[in-house]
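Participant: First, the structure itself, so that you have it in front of you.
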Amino acid sequence: MSKQLPALTGTAGAVGTVGAVGTVDPCETSLCGDPLSQEQAGRLAPAFKALADPVRLRLLSLIASHAGGEACVCDLTGTFDLTGPTISHHLKVLREAGLVTSERRATWVYYRAAPDVLARLSAVLRPAGITLDQTSDPTTDATPETEIPA
């Protein structure tokens, strides 16, 4: 049985503001600024929960970094030692959370990352006053002070 999760789609009513070119004002969304309201936390939590699974995080990374910004499900299934239905389940969770969109073309489904949603999530985690140009890659620049706990 699947639980329906509220998606973070569109720009109206979302946490923070997304401009025409996809910029997010970190002053409005940063956890280091004002605390999140219960409503804001409720809208953000499903997306963060979807990303908390290593398979889904990797799927999103594969989709977002794929040539052309989209990936066919046929290109994703061989990457994992999981069955097709399990990959489909993880993709469904990402889609329901608003992190990816999908489009059926003949017999294949193509997935594309939702950049506006990813920008909002990253803006919430970014310290107040820090822009994307000032952040480092946590997967390569981790030091003992900034290391992500296992």
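Participant: Want the number for T83 to D34: 0.36 nm per residue separation, take away the alpha-carbon distance, what's left?
Facilitator: Using 0.36 nm per residue and subtracting the Cα-Cα distance, I get 13.3 nm.
Participant: What are the residues whose amide H is under 5 Å from the amide H of V109, where those residues sit 5 or more places off or on another chain and H is modelled from the backbone?
Facilitator: Excluding prolines and chain starts, which carry no amide H, the hits are V73, C74.
Participant: Sequence gap at least 6, Cα distance under 8 Å: using those rules, report the relative contact order of region 38-129 to the nearest whole percent.
Facilitator: 30 percent
Just so you know, all these numbers are worked out from the coordinates, no wet-lab data involved. Since the model is a prediction, treat every value here as computed from it, not as a measurement.
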